[in-house]
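Structure first, then comments.
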Amino acid sequence: MALIALLMWPATMSSQGVNSLTAREKLQGWQLLFDGKTTTGWHSSAPVQGTGRSGAPQPAQPGAAAQIGSSPKPCATARTGSATAVPAGGSHWEVADGVLIPCGEPAGYLTSDQSYRNFVLSIEFKCGEETNSGVFIRSPQESGGYEVQIWKHQPAGYNTGAIVGTAKTAREFTFKPDQWNHYQITADGDHIVVVLNGETTLDIHDAKFPEGHLRLQYQQFPIAFRNIKLRLLS
């Protein structure tokens, strides 16, 4: 499986446009979740403590008191003029040159309006080597869920390619700093597979979170996202 992903990924990425679907992807049922121009389909959300199925607060994930960046990218647009409504305590996100960029203070998330159960998510990110960020899937009530880690130095050892609090990688994986990187995340029932730049970092079974929102994490480190697309699985 890892070899197939490694062989197919570069060809797929090189043949497609930015923030668009190829004819083949459309036939395969892929949905474009970011049009490169607006934040339609997404909204800003503030950091919230997770809750379990009973509604009781969940224990914080290992390393949840994460490092916060000290030099966030300045915002180009005022909050009042942002295309993304910003709730109290929420982070500010804007679209520039076809990419999603969080900026300023405070830390927070960009959350999908829709909730998803079984799917393949494809997303690209670009950030510095020390950036703390992650891509959350199946985040119920816009909190908790599975955090697919980008950060390479998570305090409890859930580093790049791991799922925080759920599974660590068997070896070290690294992303390319200041270049575009690609995550493909498959969630099919209790089966979750994470592929980074064509390499499978995790292939696990876990049933804690059966359905939920997508969330892009901002910890005041400059980071950009693009080419966000999703294919539903039956």
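Observations, loosely collected:
- Take the Cβ atoms of Glu211 and Ala76, set R0 to 35 Å, and the FRET efficiency comes out at 0.50.
- Longest to shortest principal axis, alpha-carbon extents of region 94-216, angstrom: 36, 34, 26
- For region 79-205, the share of accessible area belonging to carbon and sulfur comes to 44 percent (1.4 Å probe, ligands and nucleic acids excluded).
- Net charge of Cβ neighbours under 9 Å - reference Pro210; Lys, Arg +1; Asp, Glu -1: +1
- Charge tally for Gly157 (other residues, Cβ to Cβ under 13 Å; Lys, Arg +1; Asp, Glu -1): +2.
- In a reduced charge model with +1 at each Lys and Arg Cβ and -1 at each Asp and Glu Cβ, region 127-184 shows a dipole moment near 220 debye about its Cα centre.
- Size-normalised alpha-carbon gyration radius of region 157-234, reference 2.2 N^0.38 Å: 1.14
- Environment charge at Gly128 (Cβ cut-off 12 Å; Lys +1, Arg +1, Asp -1, Glu -1): +1
The values are calculated or read from the model by the stated rules, or taken from the named source; none is laboratory data. If you're wondering where the values come from, they're calculated on a predicted model, not measured in any experiment. Cβ coordinates were reconstructed from backbone atoms using ideal geometry, including for glycine residues, and neighbour counts include every protein chain displayed. Note: areas computed on protein heavy atoms with side chains; ligands, DNA, RNA excluded. Shrake-Rupley method; radii C 1.70, N 1.55, O 1.52, S 1.80 Å.
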